[in-house]
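Below you'll find the structure, written out as structure tokens, and then a few comments.
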Amino acid sequence: MIKNYLKIAWRYLHKNKIFSFVNITGLTLGFFCSILLALYVIDELRFDTFHEDAARTYRIIQKIEEVDGETRKVATVAPLVGPEAVAQFPEAETYLRLIEIGRLTVGNEPQNRDYERIWIADSNFFQFFDYKALYGNPTEALSRPDNIVITESTAKKYFGRTDVVGENLYTNVFQATVSAVIEDFPDNSHLTINTIHAVPTWEREIGQWKEWVSSNWTSNSFVTYLKMRPDFDKKAFEGKLTSLVTENYGEEVNYQSNFSLQPLTDIHLYSSEIQGGMNSREGNPLYTYMFIIIAVLLLAIACFNYMNLSTAAASRRTREVGMRKTLGAQKWQLIGQFVGEALLVSTCSLLLALFAIELLLPQLNVYLNKSLSLPFDNIQMYTVLGIIVLIAGISSAIYPAFFLSRVEPATALKKEIKIGVNTFSLRKILVVAQFAISIVMISTTIIIYNQLQYVEQKDLGFNLNNLLVIDINSGALRSQFESIKQEFEKLSDIETVTVSSRVPGEWKNFPIANLEHRGSDAKSQAIFVGVDEDFLDTYNIELLEGRALRNDVADSNSVMLTEMAVRQLGLEDPIGQVLDVPSTVWSGDLNEQDTPYSPRVVGVIKNFHFQSFREEMRPMMLASYRNPIHSIDYYTLRASNANWQNILPLLQEINSRFDPENPMEYTFLGNRFDQFYEEDRIRGQLFMVFSMIIVLIACLGLFALASFAIEYRIQEIGIRKVLGASAFEVNWLLSKDFAVLIGIAFILAVPVAWYAAQSWLQEFVYRITIPIWVFPAAGLTALFIALATISYQTLRAAWMNPVKSLGRE
């Protein structure tokens, strides 16, 4: 019997090619997008869940309230916080501390060296987290001096193989021995580490290390994790932890702290407002939840469209049903036939969607920077997909199947029966919902595009084009920087070269100077950057008043201020004014460092953005590179053209001439600023694609409704044609009802679209005002697409010979 049902279903689908194509296309698109979005969302929500004790593992977060009322959250705490929490509170089972203290040149031979970040971890790292060791004993891997744990990709990078336990890696500080090789950190880990150093190594290299970590309550440098006992009182523990730390603060601490526990599995999505923490990549819960909603809506719209099409098509099958009932078919057999056809279409659509996903996933993973895959070995996937097929098939077939199975054979054989035709049917509600969603998506996509265009085109206060930044990573480069700079300047394609302690778009922490105006109570904080005399010319920063810095020793105490710094200090005549810089604090840290420094203002420059447009512009102080606070760390080169392919080998040759042991590390500054918005750009493009697909699926549903409505009114159309109605009048008669539905959808969509876009824009300090024209444009776009979709059906009905339409029952 089932074989017979399938045979009948296949014949029907083959006979009605257009309806079959529309049905399968709509469902395939719905399945494809929903499954793809589900894979993306599941990957986002499953960060760090592969650890066995993930549910009871937490990262300590410190919330700081400064004396000026400013608050910030950091993921670094003092070295004693973890050990003392475990020692004094039974709720805490164990702790783990990580600290990054810079970079080393690492390699197994002089010709094969690169820079690696220095991560130092407690010896229980591999007992605390479940990262898999390929070679070596992870229990003892971090217990001895000079031990280093590396990932498999790092092993291949330097040795060409992975079984390298016992091999030596040379650094510019000490010789390390590989004690273990571990698998690369998974893509869904908030940590991404290539090399892990043992604490005993740095106890030897840094003489005061032991004393520092065993007595310090204020140096907030360690990312600290706690593994808690099940069912502990989180709020009560956070209160006790706060009391423990603040009671041990010394008099030098001029801020208030509150401590909280962040679940390990929340780190990826909920760390955008937290400084530090070693997060390899940060997610955005707003996007994640929006993608969940879109996935559900896409699947629902696809299924409802299928139901619309099936219902419209079922009206044409009343005679077939009447004939089968006359020949003895039972009600359950007729229902089984309709459901079987629907399940066949659903299954075919699902298989096509899975095939397309498997085919496109490699390219999509590169584009999304993900490692998504279909878990074919997971029985849960088959269960969920099976349920989806059943729901899609049964929901689309059950209504017309039950309706037709109740029709008397005599009635069915006499004429076609119109199913579900009422003034405000479910199908019309669904069309309104679909196009409301379409208008929301179109509007949001336009706003996202406009915001990204805004941040790309907004004046940064300096010229970003053709700038290359080279790191000064060694003493050899730093001590000879003037000679190296002269060599760079000799290259014909290089216009200007400057050195500085930090650069715009800074990826390292940077000093923030506490400024005081001598002779008044005015105070301010400013980002502190040491520069040479060519900094303004290289970055094309406008000098508004006074002069630029000079490289001679006499200018060692000179500084330039941005307009914002001048305004905050209340300097009416800034040139020649003397400032005091009693202390500085580094971004990501909390402890002020005494830096007695009294510079004189020699120039005022135009404000410029040091970070992305998600960050508020801050006052800046540009000091001579001879300043006592921060020495130079970078060259910045401006090229006369973008011919970097030819320039880079020349720069590398100069670098290796002065420092043969260390490779040249460089960054294109434009790329750095692009990275600030890369995730938004990708997600914005995804929104555009899904908007188009939702509109397409909505149009398929509208196609079904138009077909259904025209079928119902075919005789009315014939009468109007006989009475002299033109094709245009008939077309408008059939189209105006759909235009009304789009109008209702527009009214419902505008407030939702405005709220969604406004919520996203809040992430940017500098953002566009939502233009009013976006919403009418989105509505008119949806209306045009809708009318274009139904015009095929309406014009065909308008041009039909009245004799044919009046002769139909």
Filter result (more than 23 Å from Glu52 (Cβ to Cβ) and either among the polar types (S, T, N, Q) or not in a strand (DSSP E or B) (or both)) within region 214-232: Ser214, Ser215, Asn216, Trp217, Thr218, Ser219, Asn220, Ser221
Some residue of region 265-274 being touching a His at 6+ places or on another chain (Cβ under 7 Å), at pLDDT 85 or above, buried (at least 18 other Cβ atoms within 10 Å of the Cβ) and not acidic (Asp, Glu): yes
Candidates Ile693, Ile682, Ile710, Ile697, filtered to the one that is of a type in the set (A, V, I, L, M) and more than 24 Å from Thr789 (Cα to Cα): Ile682
Qualifying positions in region 640-661 - more than 34 Å from the chain's Cα centre (by Cα) and outside any helix (DSSP H, G or I): Ser640, Asp659, Pro660, Glu661
Checklist (1) within 34 Å of the chain's Cα centre (by Cα); (2) more than 30 Å from Gln480 (Cβ to Cβ); (3) not polar (S, T, N, Q) applied to Val604, failing item: (1)
Failed item in (1) at pLDDT 90 or above; (2) in a helix (DSSP H, G or I); (3) surrounded by fewer than 18 Cβ atoms within 10 Å (Cβ to Cβ), with Leu795 passing the rest: (1)
Test result for Gly393, among the small types (Gly, Ala, Ser), under 15 Å from Ala302 (Cβ atoms) and over 30 Å from the mean Cα position of the chain (by Cα): yes
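Matching residues to (1) hydroxyl-bearing (Ser, Thr, Tyr); (2) out of contact with any helix residue (DSSP H, G or I) (no Cβ under 6 Å at 6 or more places or on another chain):
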{"residue": "Ser735", "(1), (2)": "yes, no"}
{"residue": "Val740", "(1), (2)": "no, yes"}
{"residue": "Val752", "(1), (2)": "no, no"}
{"residue": "Arg767", "(1), (2)": "no, no"}
Within region 664-705, tally of residues that are at pLDDT 85 or above, surrounded by 17 or more Cβ atoms within 10 Å (Cβ to Cβ) and small (Gly, Ala, Ser): 0
Filter result (touching a residue at least 40 places away in the same chain (Cβ under 8 Å), part of a loop (DSSP other than H, G, I, E, B) and crowded, with 20+ Cβ neighbours inside 10 Å) within region 514-561: Asp532, Ile541, Ala548, Leu549
Residue that is assigned by TED's automatic domain parsing to the domain that holds Tyr115, of a type in the set (Gly, Ala, Ser), within 30 Å of Phe50 (Cα to Cα) and surrounded by fewer than 17 Cβ atoms within 10 Å (Cβ to Cβ), where the choices are Gly207, Gly136, Gly166: Gly166
Test for Arg618: is it charged (D, E, K, R), touching a helix residue (DSSP H, G or I) at 6+ places or on another chain (Cβ under 8 Å), under 22 Å from Glu563 (Cα atoms) and surrounded by 15 or more Cβ atoms within 10 Å (Cβ to Cβ): yes
Odd one out for Ser34, checked against (1) among the polar types (S, T, N, Q); (2) surrounded by fewer than 17 Cβ atoms within 10 Å (Cβ to Cβ); (3) modelled with pLDDT of 85 or more; (4) part of a helix (DSSP H, G or I): (2)
Failed criterion for Pro200 (all others in (1) touching a residue at least 60 places away in the same chain (Cβ under 8 Å); (2) part of a helix (DSSP H, G or I); (3) within 25 Å of Asp114 (Cα to Cα) hold): (1)
Neighbours by Cβ (under 7 Å, 6+ apart or cross-chain): first from region 352-369, crowded, with 16+ Cβ neighbours inside 10 Å; second of a type outside the set (A, V, I, L, M) and outside any helix (DSSP H, G or I): Leu361/Ser373
Failed condition for Lys428, given (1) among the charged types (D, E, K, R); (2) modelled with pLDDT of 65 or more; (3) more than 44 Å from the chain's Cα centre (by Cα): (3)
Exclusive hit being assigned to a strand (DSSP E or B) and at pLDDT 90 or above, set Ile118, Ile150: Ile150
Residue check for Leu579: aliphatic (A, V, I, L, M), more than 15 Å from Phe510 (Cβ to Cβ), crowded, with 18+ Cβ neighbours inside 10 Å and modelled with pLDDT under 95: yes
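When the residues of region 234-264 are filtered to those that are modelled with pLDDT of 80 or more and in a loop (DSSP other than H, G, I, E, B), which remaining residue is surrounded by the fewest Cβ atoms within 10 Å (Cβ to Cβ)? Quick ask: steps written out before the conclusion?
Step one: of region 234-264, the residues modelled with pLDDT of 80 or more are 234-248, 257-264.
Adding the requirement that they be in a loop (DSSP other than H, G, I, E, B) leaves 247-248.
Values: Glu247: 8, Asn248: 16.
Per the criteria, the residue is Glu247.
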Residues located in region 756-790, provided they are aromatic (Phe, Trp, Tyr) and either within 25 Å of the chain's Cα centre (by Cα) or outside any loop (DSSP other than H, G, I, E, B) (or both): Trp760, Phe764, Tyr766, Phe775, Phe784
When residues of region 765-783 are limited to those that are at pLDDT 90 or above and among the aromatic types (Phe, Trp, Tyr), the one farthest from Phe746 (Cα to Cα): Trp773
Checklist (1) assigned by TED's automatic domain parsing to the domain that holds Leu783; (2) at pLDDT 90 or above applied to Leu452, failing item: (2)
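The values are calculated or read from the model by the stated rules, or taken from the named source; none is laboratory data. The shown structure was predicted, so the numbers you read here are calculated from the model rather than taken from an experiment. Here the Cβ is made from the backbone with ideal geometry for all residues, glycine too, and neighbour counts use every protein chain on show.
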